1. For the range 119-148, what are the residues that are acidic (D, E) and touching a residue at least 24 places away in the same chain (Cβ under 8 Å)?
2. Count, please, the residues in the range 122-151 that happen to be part of a helix (DSSP H, G or I) and within 23 Å of G7 (Cβ to Cβ).
3. Would you be able to say whether some residue in the range 167-177 is charged (D, E, K, R), modelled with pLDDT under 50 and within 25 Å of the chain's Cα centre (by Cα)?
4. Condition check: aliphatic (A, V, I, L, M) and not in a helix (DSSP H, G or I). Does V289 satisfy that?
5. Could you tell me which of the residues W67, W61 is part of a helix (DSSP H, G or I), free of Cβ contacts under 8 Å to residues at least 24 places away in the same chain, aromatic (F, W, Y) and assigned by TED's automatic domain parsing to the domain that holds A154?
6. Please list, ordered by first then second residue, the pairs with beta carbon atoms under 7 Å, 6 or more apart or interchain, first in the range 398-426 and under 15 Å from V344 (Cα atoms), second of a type in the set (D, E).
7. Which of the residues spanning the range 70-96 are touching a Phe, Trp or Tyr at 6+ places or on another chain (Cβ under 9 Å), part of a helix (DSSP H, G or I) and at pLDDT 90 or above?
Amino acid sequence: MRLSAIGDVVHCLPLAAQIRARFPQANITWLVEPPAKALLENNEAVDQVIVFEKKDLTRGWNNPNTWGTKISKFKTLLTTLSANQFDLAIDAQGLLKSALLVKASEAPVRVGFKGAREGASGFMTDTLDVGDYYRPDRHVVDHNIDLANFALEALARRKSLVLQAPPAEVRFPLPRLEPVVVQGVEGLIAAGGAAAGTGQAPPVISSNSAPQAILSQSAPPAIPDQSSPIEAPPVVSTVSGANAAPPLEPLQNVRDKVVVLIPGTTWATKIWPTQKWVELGTALANSGVGRLIICGGKADEAMNQSIYIGIEKQIENKAALIDLTAKTDLMQLIALFQMTDIVVGADTGPMHLAVAVDRPQVVAVHGSTPWLRNGPYGVKGHAVYAGIACQPCFSKTCELPGKTIECLRDLPAAKVLAAISKAADL
């Protein structure tokens with residue numbers, strides 16, 4: 001069970017893969033909140049998905065007219081959990097909400113991490129001691145794999161099961177993509193390069209040659225979606241002025257590559273300043289990348305539009321720049337990453353999803369969060385950080401005087417560009 005954030009669910013996918021590999025006959029059910037459910041549907045590692053409508057069940061209790069519906073839905077959830085007659089329930093989240101639902105499953109074997117927050121460990125029958133779960137030098141994926149092995153062994157002792165040997169490789173099982181999803185992403189990218197007013201139909205792009213076909217387009221960039229109001233973007237300092245950063249030297253080894261930027265995330269202490277993204281994106285575009293695609297969710301529209309405008313003002317090949325903010329769902333992101341060479345992002349769910357796709361090199365910009373614990377996992381992952389004394393603090397708010405978020409403010413775009421150059425050679 002991993003309920004909530006998309007990145008956390010991605011980090012838990014290897015847990016399900018581990019169970020499937022070591023106990024192939026297992027019937028695996030995943031309880032998840034709505035935002036990440038698409039990652040688990042049509043997924044070979046998951047047999048059943050139960051959706052926990054947390055917001056629907058926990059909000060609006062000030063209106064007595066909703067009580068009957070909410071109580072009925074909650075009873076249905078509890079009945080569904082107990083009716084499955086689970087042999088084993090795993091709490092990979094380690095919070096009170098997840099522990100209570102594990103307990104409600106009535107599974108005789110309930111496994112979680114020792115010392116979990118909010119007293120969650122008290123609801124488990126078996127707990128895995130990993131020392132400090134939040135230690136900054138061990139990746140959470142490795143913790144989750146250890147938890148899977150520990151849980152299977154606890155079940156095997158009680159049921160006299162024979163388990164397979166642990167697999168040699170870590171896998172992130174993802175859903176099977178329908179052709180219409182791939183075609184939809186190809187269409188979005190093609191529309192981003194279609195010449196306005198020419199009447200020319202977007203080119204047909206086959207999934208086998210998508211990157212090359214996408215790179216061949218040479219028309220103006222997409223117009224940002226105006227279907228809903230967008231706040232005016234903040235003023236961005238770009239090319240002139242005494243305080244403007246000097247332009248970065250272009251790279252030779254990213255020419256014709258598809259690069260995706262994911263600037264936005266939730267914590268203020270994980271967001272690299274807009275101007276740094278403009279500097280980086282400008283350098284990449286002027287390096288001759290085939291496509292420079294900006295991605296994000298609805299909440300990122302204002303910031304990403306500001307980044308788009310800042311880059312667009314400084315580059316010659318404006319057709320290379322596309323803003324897909326708030327235009328892609330999770331399945332479309334998977335399809336996009338399958339067409340991408342390099343992803344650069346903050347510590348956010350889509351960045352970790354790019355790792356799971358296992359095609360692009362992934363460069364993560366880290367502020368408050370520990371890169372060895374929460375960075376992009378595996379050999380295709382590369383973390384960039386300033387390395388100041390208080391980093392990583394793992395805090396949502398900066399504790400420095402003035403709350404300067406110095407770890408991100410003082411992280412130069414040149415350092416991130418150097419990491420991209422290194423990744424491009426791999």
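The values are calculated or read from the model by the stated rules, or taken from the named source; none is laboratory data. Please read all numbers here as calculations on a predicted model, not as lab measurements. Because the Cβ atoms are built from the backbone with ideal geometry, glycine has one as well, and the counts that use them run over all protein chains shown.
1. D126, D137
2. Summing the residues that are part of a helix (DSSP H, G or I) and within 23 Å of G7 (Cβ to Cβ) in the range 122-151 gives 12.
3. Scanning the range 167-177 turns up no residue that is charged (D, E, K, R), modelled with pLDDT under 50 and within 25 Å of the chain's Cα centre (by Cα).
4. Working: aliphatic (A, V, I, L, M): yes; not in a helix (DSSP H, G or I): yes.
Judged against the criteria, V289 is a match.
5. Details: W61 fails: part of a helix (DSSP H, G or I).
Of W67, W61, the one residue that is part of a helix (DSSP H, G or I), free of Cβ contacts under 8 Å to residues at least 24 places away in the same chain, aromatic (F, W, Y) and assigned by TED's automatic domain parsing to the domain that holds A154 is W67.
6. A413/E279
7. L77, L96
Conditions tested, residue by residue: (1) surrounded by fewer than 20 Cβ atoms within 10 Å (Cβ to Cβ); (2) out of contact with any Lys or Arg (no Cβ under 6 Å at 6 or more places or on another chain); (3) not assigned by TED's automatic domain parsing to the domain that holds E106; (4) not charged (D, E, K, R).
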residue	(1), (2), (3), (4)
A36	no, yes, no, yes
E41	yes, yes, no, no
T76	yes, yes, no, yes
F86	yes, yes, no, yes
